[in-house]
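Written below as structure tokens is the structure these notes are about.
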Amino acid sequence: MATSVDVRRELASLADPRRAEASSRFLQMVPGGYGEGDRALGVSVPDQRTVAARFWRDLSLAETTKLLIEGAHEERLTALFILVRKFARGDEQERGLVFDTILANTDRIDNWDLVDSSAPYIVGPWLLDRDRSVLDRLAGSSLVWERRIAIMATFAFIKAGDFEWTFRLGDRLLHDPHDLVHKAVGWMLREVGNRDRAAEEEFLARRYRVMPRVMLRYAIEKFEPQRRRDYLSGAI
């Protein structure tokens, strides 16, 4: 069986210091940034996915969790790619254990790329036919990443034609203090609109004047130019 050390060794062989420097800036791993304290190795996402594809069968859930808890940024993202594969191919018990692993380690899923690579593919699918009250708890968290997990998990519901929780959490997060939550809510509203434009516009009608500007811009990104201008000018 493979270990987390094997995965870390493989990722280290693919590291590029110049990419690490660029990633540190892009993901704000700088003093005062939302990723402050994190460390980038400089491994590309395609390379991380390749490593995940190689190791996911032979790396136990315990070793994957160890990688998630202890790893640098790309090591944690690779761990999440492995968990997504384990979830997609596992039986009910295995899928439940992967879901529990995610919820037990949200403090290590602490940047937008980590959230967006896991919540829509593990948290949302697990909750499709289950009690979703955990999303209310996450949406009320003081941790920005848990709030983003909550809204991003609804992507799975949207794909199934169920918009209720996107709107419910969209309302709850409408005045969230963090722009990374604003962007995620706007993105999910846009995904609703891609499937049911009338449903999205009904939600926007009573809220677009008070929602954060970046949330609105994300939500209406696919609208016709004049329709976008009307929303942005308050002319709807």
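The values are calculated or read from the model by the stated rules, or taken from the named source; none is laboratory data. These numbers were taken from a predicted model, which means no experiment stands behind them. Virtual Cβ from ideal backbone geometry, glycine too; neighbours counted across all protein chains shown.
Contact map, segment 216-236: residues that are closer than 12 Å to residue 190 by Cβ paired with residues that are hydroxyl-bearing (Ser, Thr, Tyr) and assigned to a helix (DSSP H, G or I), Cβ distance under 8 Å, separation 6+ or inter-chain. Pairs shown: 216/231; 220/231; 223/231.
Taking segment 19-54 as the range and being in contact with a Phe, Trp or Tyr (Cβ under 7 Å, 6 or more places away or on another chain) and surrounded by fewer than 20 Cβ atoms within 10 Å (Cβ to Cβ) as the test, the residues that pass are 28, 49. Taken together, the residues in segment 54-84 that are assigned to a loop (DSSP other than H, G, I, E, B) and not hydrophobic (A, V, I, L, M, F, W, C) amount to 4. Among the conditions (1) in contact (Cβ under 8 Å) with a residue 40 or more places away in the chain; (2) part of a loop (DSSP other than H, G, I, E, B), the only one that residue 51 does not satisfy is (2). Does segment 95-109 contain at least one residue that is within 24 Å of residue 186 (Cα to Cα), assigned to a loop (DSSP other than H, G, I, E, B) and either assigned by TED's automatic domain parsing to the domain that holds residue 155 or of a type in the set (A, V, I, L, M, F, W, C) (or both)? Yes, the conditions are met somewhere in segment 95-109.
To keep it simple, each residue is scored yes or no on (1) assigned to a helix (DSSP H, G or I); (2) more than 18 Å from the chain's Cα centre (by Cα); (3) modelled with pLDDT of 95 or more; (4) among the β-branched types (Val, Ile, Thr).
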{"position": "131", "(1), (2), (3), (4)": "no, yes, yes, no"}
{"position": "152", "(1), (2), (3), (4)": "yes, no, yes, no"}
{"position": "161", "(1), (2), (3), (4)": "no, yes, yes, no"}
{"position": "167", "(1), (2), (3), (4)": "yes, no, yes, no"}
{"position": "175", "(1), (2), (3), (4)": "no, yes, yes, no"}
{"position": "182", "(1), (2), (3), (4)": "yes, no, yes, no"}
{"position": "194", "(1), (2), (3), (4)": "yes, yes, yes, no"}
{"position": "200", "(1), (2), (3), (4)": "yes, yes, yes, no"}
{"position": "209", "(1), (2), (3), (4)": "no, yes, yes, no"}
